[in-house]
Amino acid sequence: MVGPDRTISRRDILIAAGATATVTAAPMHASGLTNDDRRTVVLNRVSFKNRDIDVAGNIYFPNGFDETRTYAALVLTTPGSSMKEQIGAIYAEKLAARGFVALAFDPSYQGESGGEPRDLEDPAARVEDIRCAVDYLMTLPFVGEERVGLLGICAGGGYAVNAAITEHRFKALGTVIANDIGQAFRRMLPDVRKTLEDVGKQRTAEARGGKPRRAPWIPDSLKEAEEAGITDPEVFEAVTFYRESPYRHPNSTNRLLFRSYGYLLEFDAFHLVPELLSQPLQVIVGAGAETLANMRPDKPCSIFRRPPKRTSSSSRAPAITICITSPNT
């Protein structure tokens, strides 16, 4: 992907999106989807509104689903560039096979969801999508209102934390290799101010009738990666999973609209965690995974900070569980 001052490595983009850790784990999860799992899961296509945008989702039900009962439900938020049929489908199928109602969806401006311009990655919209997803679940009589959780994967983990800070209808929060995509891009880019200047120039050009600027999140094929001289194995894993495996999907354009940088660079996923996050939190990190969010529990990160003392006796520090996965397990 070409940045304003230099060619940004594909690995940089993958880390910022949270994709490297996700696809490293994905083969394990994909192989864990047994035929029995798939036979016990029912999938329905749904949609819900984020203001005037139609958000497209897939809702997964466990085997023997009975709409007269109430179920625990989970909203899933996915990595940057990932569609609901990819990482979201893997997690949703596994969770539904274990008795949850699970909702995965395409972000606004991407996939089957509506919104213009296309391929926009807007953290504010991504977070509002999550709030609107729980709005939708609250309309379903078989969802237990006090039994709704939120699970975010990679960049979706950062969005999930940011949503849960103020969306307390989520009673529990989980993240898998969570990544603050805003912090990641701020660290990655050699000159953030120059990038913002370039975003302004591009927006001006588009306002005057110019063509929108897009670039791929990752190479479109293994052949393209090889021809570009890329040797990083994690990039090849990402390309294999997203572009050349059964999880490749026609709704995935693999493109990032350049003006997205203007929204991404101001985003801070975790800054209000110490003050406002009160739900139980489970953080899953990979023992061998590298993320720019420094989500390892032995490194300082605001997601692990305990809240200050509360004036209200009803407020309490959230319970935090940290799980470390090994590439060999």
Checklist (1) surrounded by 18 or more Cβ atoms within 10 Å (Cβ to Cβ); (2) out of contact with any Leu (no Cβ under 7 Å at 6 or more places or on another chain); (3) without any contact (Cβ under 8 Å) to a residue 60 or more places away in the chain applied to residue 103, failing item: (2)
task: Looking for whichever is in contact with a Phe, Trp or Tyr (Cβ under 9 Å, 6 or more places away or on another chain), assigned to a strand (DSSP E or B), crowded, with 21+ Cβ neighbours inside 10 Å and at negative phi here; the options are 161, 148. Which one fits?
output: 148
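How about the range 70-87: which of its residues are touching a residue at least 40 places away in the same chain (Cβ under 8 Å) and outside any strand (DSSP E or B)? Give the derivation first.
Step one: list which residues in the range 70-87 are touching a residue at least 40 places away in the same chain (Cβ under 8 Å), which gives 70-83, 85-87.
70, 78, 79, 80, 81, 82, 83, 85, 86, 87, listed by residue number.
Just give me the residues in the range 231-251 being of a type in the set (D, E, K, R) and under 18 Å from residue 286 (Cα atoms), in sequence order. Give the derivation first.
Taking the range 231-251 as the starting set, the residues that turn out to be of a type in the set (D, E, K, R) are 232, 234, 237, 243-244, 248.
Result: 234, 237.
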field: Residues that are touching a Ser or Thr at 6+ places or on another chain (Cβ under 9 Å), buried (at least 20 other Cβ atoms within 10 Å of the Cβ) and modelled with pLDDT under 95, drawn from the range 181-222
entry: 184, 185, 189, 217, 218
task: Find the residue count for the range 203-254, including only residues that are basic (Lys, Arg) and under 22 Å from residue 90 (Cα atoms).
output: 2
- prompt: Looking at (1) in contact with a helix residue (DSSP H, G or I) (Cβ under 9 Å, 6 or more places away or on another chain); (2) over 20 Å from residue 164 (Cα atoms); (3) crowded, with 24+ Cβ neighbours inside 10 Å, which is the one condition that is false for residue 110?
  reply: (1)
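From the list 177, 130, pick out the single residue that is crowded, with 22+ Cβ neighbours inside 10 Å and at positive phi.
It is 177.
Does the range 165-178 include one or more residues that are assigned to a loop (DSSP other than H, G, I, E, B), in contact (Cβ under 8 Å) with a residue 24 or more places away in the chain and of a type in the set (Lys, Arg)?
Scanning the range 165-178 turns up at least one residue that is assigned to a loop (DSSP other than H, G, I, E, B), in contact (Cβ under 8 Å) with a residue 24 or more places away in the chain and of a type in the set (Lys, Arg).
Conditions tested, residue by residue: (1) β-branched (Val, Ile, Thr); (2) at positive phi; (3) at pLDDT below 95.
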| position | (1), (2), (3) |
| --- | --- |
| 99 | no, yes, no |
| 103 | no, no, no |
| 115 | no, yes, no |
| 124 | no, no, no |
| 134 | yes, no, no |
| 140 | no, no, no |
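Can you name the residue in the range 232-261 that is of a type in the set (A, V, I, L, M) and modelled with pLDDT under 90 and is also farthest from the chain's Cα centre (by Cα) among such residues?
Initially, the range 232-261 is screened for residues of a type in the set (A, V, I, L, M), giving 235, 238-239, 256-257.
Retained after the next criterion (residues that are modelled with pLDDT under 90): 235, 238.
Working: 235: 18, 238: 15 Å.
Checking each candidate, the answer is 235.
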Matching option when the condition is over 24 Å from residue 192 (Cβ atoms), modelled with pLDDT of 75 or more and surrounded by 14 or more Cβ atoms within 10 Å (Cβ to Cβ), among 264, 277: 277
query: Considering the range 245-267 alone, what residues qualify as being among the charged types (D, E, K, R) and in contact with a helix residue (DSSP H, G or I) (Cβ under 6 Å, 6 or more places away or on another chain)?
result: 259
- request: Name the single residue, out of those in the range 69-94 being in contact with a Ser or Thr (Cβ under 8 Å, 6 or more places away or on another chain) and aliphatic (A, V, I, L, M), that is surrounded by the fewest Cβ atoms within 10 Å (Cβ to Cβ).
  value: 83
statement: Checked against (1) surrounded by fewer than 17 Cβ atoms within 10 Å (Cβ to Cβ); (2) of a type in the set (Gly, Ala, Ser); (3) over 22 Å from residue 54 (Cβ atoms), residue 124 satisfies every condition except (3)
task: Kindly indicate whether residue 229 is modelled with pLDDT under 95 and on the phi > 0 side of the Ramachandran plot.
output: yes
field: Subset of the range 185-239 [in contact (Cβ under 8 Å) with a residue 24 or more places away in the chain and of a type in the set (Ser, Thr, Tyr)]
entry: 195
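The values are calculated or read from the model by the stated rules, or taken from the named source; none is laboratory data. Predicted model, so just to flag it, every value in this text is computed and none were measured. Note: ideal-geometry Cβ built from the backbone for every residue, glycine included; neighbour counts use all protein chains shown.
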